[in-house]
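The structure appears right after this line, and notes come after that.
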Amino acid sequence: MCGIVGYTGKKQCRDILVNSLRKLEYRGYDSAGIAVMEDGHIKTVKAKGKINDGLIVKLSESGELNAVTGIGHTRWATHGEPSDINSHPIGNSRVSIVHNGIIENYRKLKNFLIGKGYKFESETDTEAAAKLIDYYYNGDPVDAISKAVTDIEGAYSLGIIFRDFPDMIYAVRKDSPLIVGIGDGEMYIASDMTALLEYTKKYYLLDTGEIASISAKGAVICDLHGNKINKEVQTATWDVSEAEKGGFEHFMLKEIHEQPAAVRKTISPRIKDGLPCFDECGLTDEMIRGYKHIYIIACGSAMHAGLIGKYIIESLARTPVIVDIASEFRYRNPLLTADDLVVIVSQSGETADTKAALELANEVGADTLALVNVVGSSIAREAKMVMYTYAGPEISVASTKAYMVQSAFMYLLAFRVALARGRITEEECRELVAKLETMPDLIAECLSDLDPYRRSASRLVGADSLLYIGRGLDYALSMEGSLKLKEISYIHSESYAAGELKHGTISLIDDGMPVIAVATQRDLLAKTISNMREVKTRGAYVIAVCPKGVSIDSESADDIIEIPSADDMFMPLVAVVPLQLVAYYASVLRGNDVDKPRNLAKSVTVE
Ligand code: F6R
């Protein structure tokens, strides 16, 4: 949440900052701003709203800027409503900061600073940090930052400029992500690498408790006691084109289309001699045999991918799998032991609750395996074992391709666990892997004609509320379909286990209420169809998602979305595509900002 950027070099920094901020807008878009060094003064331009609606307008009003050093911010509001005054950068004539994260003890710091004569203008926690740095500043920026950081509690990263050091930017990290980009005679800071791909692929990854003093020539990085730290130069593997729309109207649509390739890239390197192979992370069959339980912990869509994992691991390997929402897991004193495997799933690798759950699992002594998309992210680095998904940058706030590759990975894990535990033979395992390898083609087939999804979506746009129903794997998938729809279309929806409807929820069914029935599990089909009839009889407009060849009559469904057929176990990888696209078109038809749904941010680095 919130995106930070900074530049120092020879070029005019305004456009570089704004351009980099645009790439980070998925982290929050309540306001945006920049602060630059101009003629020995800090000049700040900031405004409520998305970059195009606020900051760009203000910048055009404020005339030419002549500055080669500056910092920028795009905000997801935590303390204080979205407003010009609460926008970052925040500071005074001596120091200005941009901040990502939360300063937990800001009230205490604020009272202390008020006692010292400081006046506060905004409602933000950030202002306390800015003024504290100013309070400690005595001509030495690093000293002031170190002292302030020692007092500040929370998880945060800061980008800072000082009037007295007009060619420098400073950066400090405490848990929230921050990188220092390395250019040719110019340097950058950013919350993540997508902001900088256009300018450089080389960067240093700051660790917690590290302060960077950055000039055009390079960066000096030290700990809070001033000890210099030699950092390894990292190289981004993502390409700038991957972080652009490439002719699609929205990132979400582009990312949905990237799914077949993303699945191939994620599973292929993990298949050796036709079998799933986890050598790269050190997960051996002996370890697998020793685990009493497998926990899969994540938030949102990543947790839904974990649910797919639960169904297939339990059914193939007969090993108990507990899937938990990270924010619940961390506070419920889980029955976790050192004999368990904890799989932590996260696209960003920075989600605060997921990271805290990982820390808890590490403390208990369980083996932890991170399944993460962003290389070098906190979760990737803190887990005992890491496997990367190769989805490439996911810019749309609503996750599609990341969910898809997380789910695809669950199959490899299930097959290996089943093999290691002697539940399937090598031959059976090879057959399953071969089937998994055909899935990218079936996913691509779903994308060959988008009209059915648009048509079904047009039935939903006027609805106040709808239900997604399914049984077994279809229920797990319904949860993802429902989340996708509500987060980008703002239509209320709920997912329900089809067999559970009669225990209360069916009373919601009203004339014309849409019900999306996911009916891909053939062994449960007769039961799901009965549930569809029950709601249709009571007035629901039923849209069924089912594999080609399955017959559903007009007494059970009003509209049928047919998808390519695969073995039941693999159907979630196909069936999620129509659910994503129905949500996408519902959002488009309602005129919403598909990639930047209201109130949301992609990387949830606060609890
Ligand atoms: C929904 C969505 C979120 C994320 C969740 C976890 O479309 O994107 O539910 O899945 O915030 O984020 P990561 O995977 O970055 O930990």
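The values are calculated or read from the model by the stated rules, or taken from the named source; none is laboratory data. Predicted model, so just to flag it, every value in this text is computed and none were measured. Heads up, the Cβs are rebuilt from the backbone with ideal geometry, glycines too, and the neighbour counts pull from every protein chain shown. Each accessible area value is taken on the protein alone, full model and side chains, heavy atoms only, with ligands, DNA and RNA left out. Shrake-Rupley method; radii C 1.70, N 1.55, O 1.52, S 1.80 Å.
Counting only residues that are over 25 Å from residue 443 (Cα atoms) and in contact (Cβ under 8 Å) with a residue 12 or more places away in the chain, which one in region 572-592 is farthest from the ligand (Cβ to nearest atom)?
Of everything passing the filter in region 572-592, 590 is farthest from the ligand (Cβ to nearest atom).
Between 364, 345, 386, which is more than 16 Å from the chain's Cα centre (by Cα) and within 15 Å of the ligand (Cβ to nearest atom)?
Going through 364, 345, 386 in turn, the sole match is 386.
Here are 405, 397: which of them is within 24 Å of the chain's Cα centre (by Cα) and farther than 24 Å from residue 565 by Cβ?
397
Do you know which of the residues in region 258-282 that are open to solvent by less than 10 Å² (accessible area, probe 1.4 Å), hydrophobic (A, V, I, L, M, F, W, C) and within 24 Å of residue 326 (Cβ to Cβ) is nearest to the ligand (Cβ to nearest atom)?
Ranking the candidates gives 262 first.
With (1) outside the structural domain of residue 372 (by TED's automatic domain parsing); (2) of a type outside the set (Gly, Ala, Ser); (3) within 16 Å of the ligand (Cβ to nearest atom); (4) over 30 Å from residue 447 (Cα atoms) as the list, and residue 208 as the residue in question, which single condition is left unmet?
So the condition that residue 208 fails would be (3).
Quick one: in region 296-323, which of the residues that are away from the ligand (no atom under 16 Å from the Cβ) and closer than 13 Å to residue 409 by Cα is most open to solvent (accessible area, probe 1.4 Å)?
Here the answer is 310.
Given (1) in contact with a strand residue (DSSP E or B) (Cβ under 8 Å, 6 or more places away or on another chain); (2) touching a residue at least 40 places away in the same chain (Cβ under 8 Å); (3) more than 15 Å from the ligand (Cβ to nearest atom), identify the lone condition not met by residue 560.
With (1) in contact with a strand residue (DSSP E or B) (Cβ under 8 Å, 6 or more places away or on another chain); (2) touching a residue at least 40 places away in the same chain (Cβ under 8 Å); (3) more than 15 Å from the ligand (Cβ to nearest atom) applied to residue 560, the lone miss is (2).
Hey, can you tell me all the residues within region 141-176 that are at pLDDT below 95, closer than 19 Å to residue 204 by Cα and open to solvent by 10 Å² or more (accessible area, probe 1.4 Å)?
174, 175
Which residues, counting only those in region 475-492, are more than 12 Å from the ligand (Cβ to nearest atom) and either crowded, with 24+ Cβ neighbours inside 10 Å or of a type in the set (A, V, I, L, M, F, W, C) (or both)?
476, 477, 478, 489, 491
Could you list all residues from region 557-600 that are open to solvent by 30 Å² or more (accessible area, probe 1.4 Å), over 30 Å from residue 429 (Cα atoms) and acidic (Asp, Glu)?
The answer is 558, 559, 593.
Got a sec? Which strands (runs of 3 or more DSSP E) wholly within region 1-74 have at least 2 residues that are within 18 Å of residue 167 (Cβ to Cβ) and within 28 Å of the chain's Cα centre (by Cα)?
By residue number, 3-8, 31-38.
Does residue 410 qualify as being within 15 Å of the ligand (Cβ to nearest atom) and part of a helix (DSSP H, G or I)?
yes
How many residues, within region 216-240, are closer than 19 Å to residue 393 by Cβ, open to solvent by 50 Å² or more (accessible area, probe 1.4 Å) and either assigned by TED's automatic domain parsing to the domain that holds residue 374 or not polar (S, T, N, Q) (or both)?
The total comes to 1.
Which condition breaks for residue 185 when tested against (1) of a type in the set (Gly, Ala, Ser); (2) part of a loop (DSSP other than H, G, I, E, B); (3) closer than 20 Å to residue 99 by Cα?
(3)
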